[in-house]
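A.B. asks: The structure that follows is given in the form of structure tokens.
Any read-out appearing in this document is the output of simple, stated calculations on the displayed coordinates, not a laboratory observation. If you're wondering where the values come from, they're calculated on a predicted model, not measured in any experiment. All Cβ positions, even for glycine, are placed from backbone atoms using ideal geometry, and neighbour counts span all protein chains on display.
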Amino acid sequence: MADPTTAARLTPRLLVVATLAGALAGVGGVLLTLLLHLVQHLAFGYTEATFLTGVERASNLRRILALTIGGVVVGSGWWALRRWQPPVDPVEKILEAGGRPAIGRTTAEGVLQIAAVGFGASLGREGAPRLVGAALAGWLADLMRLPARQRRTILACGAGAGLACVYNVPLGGAVFTLEVLLVSAAAADVLPALLSAAVATAIGWPLLGDDPTYAVPGQSLHTPELLLAVILGPVAGLVGGGLRAYAAACRRWAPSGWGLPLVVTVGFGLLGVAAIAYPALLGNGKGLAQLAFDGQLAISAAVVLLILKPAVTGAMLATGANGGLLTPALATGAVLGALGGEGLTQLWPGSPIAACALIGAAAVLAAAQRAPLCAVVLVMELSGTGLALLVPIGLAVALAAAVGRAIA
């Protein structure tokens with residue numbers, strides 16, 4: 001029997017299915033993103049501006065009520081979904097087992113994850129489009145009767161395409177597919193991954209836009225950033241590796257059975273209380289990262305948020321909630337980098353905080369996800385800053401990834 005972990009054979013049929021899988025993942029990603037915005041607007045009562053602005057304008061009572069009600073909704077949903085069957089596995093485990101996620105249960109899981117982030121849970125939203133994209137791609141592969149090797153490739157491409165669509169990162173989605181899911185650089189994997197991610201991203205443009213996720217001014221390389229990368233890389237490796245281990249432990253502590261809705265509701269409500277003083281804790285961390293890139297965080301607030309953001313993200317997982325770590329890790333790294341930039345300005349006045357935050361974001365993300373290439377590409381695409389900071393980012397990422405693996 002052929003080993004399904006080896007590379008698929010590149011055929012025209014495989015490329016056609018990859019294109020269709022990208023289209024399905026793109027549609028799924030668009031619908032999940034629209035659902036996220038709907039939940040955010042209903043929960044915090046805003047119709048324009050960013051999520052963080054909407055949270056800041058909401059009253060203290062509304063912040064607590066939004067999170068508490070959200071906890072009841074998603075906690076009850078997860079309890080019902082897991083009552084007779086185990087939780088939906090992440091795509092990585094599904095690929096290892098050689099299975100395919102069921103579309104119904106996977107879609108329900110994706111909706112609950114998106115709703116949780118919309119209500120303000122400190123979790124990443126990337127897990128939902130990856131799961132839904134993988135489920136749709138797996139269904140398509142079965143429909144087209146692809147052999148096991150090609151089926152595995154298409155399933156992974158669907159997951160990467162879902163990520164590419166919601167974040168407008170076509171290359172990042174493809175690299176995620178290859179580096180994290182398939183661990184392959186074979187042409188029979190590379191071409192479908194690129195094709196599906198590009199198609200999914202393009203499908204998202206009419207409704208989601210084609211602007212970078214973060215508004216960061218153009219950057220240029222200066223010598224101080226190289227020094228910061230050498231110092232920041234190992235520290236980021238400790239932070240990112242620690243976040244990964246902490247999140248894994250918190251998932252093991254999560255309750256099951258009838259206690260799940262209660263613990264989720266209490267945990268979400270307490271996060272709402274914390275958001276009275278620190279509204280940037282809510283959501284996946286996009287607003288917090290943007291504050292770091294803009295240099296708008298006071299040093300004291302940055303120190304507190306550097307501790308609290310990963311802490312509350314783990315706490316959400318410990319309640320039994322489910323979600324990703326991508327943006328929470330990126331935001332944590334951006335805050336770490338911004339703090340490093342503040343220190344750097346004491347030695348070299350005028351050092352760009354945004355550049356330092358980008359370096360920190362990529363480094364922590366690389367260690368937390370154990371995906372250095374993906375981290376570099378994602379940060380460059382998410383910020384739209386191009387290759388100007390590739391050298392310091394690559395240096396910091398390499399050091400962070402090495403330290404992160406050493407402490408695992």
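A.B. asks: What is the fewest-to-most order of Met380, Met316 by other Cβ atoms lying within 10 Å of their Cβ?
C.D. replies: Values: Met380 22, Met316 25.
Ranking Met380, Met316 by Cβ neighbours within 10 Å, fewest first, gives Met380, Met316.
A.B. asks: Calculate the dipole size of the chain relative to its Cα centre from +1 charges on Lys and Arg beta carbons and -1 charges on Asp and Glu beta carbons; express the result in debye to the nearest 20.
C.D. replies: Details: 23 positive and 17 negative charges, 222 e Å.
Rounded to the nearest 20 debye, it is 1060 debye.
A.B. asks: At Trp258 and Leu207, where each label point lies 7 Å from the Cα along Cα→Cβ, what is the point-to-point distance in nanometres?
C.D. replies: Reported label-point gap for Trp258 and Leu207 is 4.0 nm.
A.B. asks: At 0.36 nm per residue, and after removing the present C-alpha to C-alpha distance, how many nm does the segment from Val303 to Leu226 gain when stretched out fully?
C.D. replies: Values: separation 77, 0.36 × 77 = 27.72 nm, distance 2.29 nm.
Extending this stretch completely gives an extra 25.4 nm.
A.B. asks: Still on this structure, I have one more. Which of Val266, Val199, Val239 moves the most in a Gaussian network model of the chain with Cα springs under 10 Å?
C.D. replies: It is Val266.
A.B. asks: Top mean-square fluctuation among Leu347, Leu38, Leu146, Gaussian network model of the chain, C-alpha springs under 10 Å?
C.D. replies: In this elastic network of the chain, the residue with the biggest mean-square fluctuation among Leu347, Leu38, Leu146 is Leu347.
A.B. asks: Within a 10 angstrom radius of the beta carbon, how do Glu92, Glu48, Glu126 rank from fewest other beta carbons to most?
C.D. replies: Numbers: Glu92 13, Glu48 7, Glu126 24.
Sorted ascending by nearby Cβ count, the order is Glu48, Glu92, Glu126.
A.B. asks: Which whole-Hz couplings ³J(HN,Hα) result when phi for each residue of the stretch 354-366 is put into the Karplus expression 6.51 cos²θ - 1.76 cosθ + 1.60, θ = phi - 60°, listed in order with x for Gly and Pro?
C.D. replies: Each residue of the stretch 354-366 in turn: 4, 4, 5, 5, 5, 4, x, 4, 5, 5, 5, 4, 4 Hz.
A.B. asks: Most fluctuating residue of Pro12, Pro234, Pro392 in a GNM of the chain with Cα springs under 10 Å: which is it?
C.D. replies: Highest fluctuation among the options: Pro12.
A.B. asks: Beta carbons within 10 angstrom, averaged per residue: use that to sort the peptides 21-29, 369-377, highest first.
C.D. replies: 21-29, 369-377
A.B. asks: Scan the chain and hand back the longest stretch that contains none of the chymotrypsin sites (Phe, Trp or Tyr not before Pro) lying in DSSP loops with at most 15 other Cβ atoms within 10 Å.
C.D. replies: Working: sites that count: Trp84, Trp258.
Longest stretch, sites excluded: 85-257.
A.B. asks: Give the long-range amide H neighbours of Gly324: residues separated by 5 or more places, or on another chain, with amide H under 5 Å away, using H modelled in the peptide plane at 1.01 Å from N.
C.D. replies: Amide H neighbours of Gly324: Gly124, Arg125, Glu126, Gly127.
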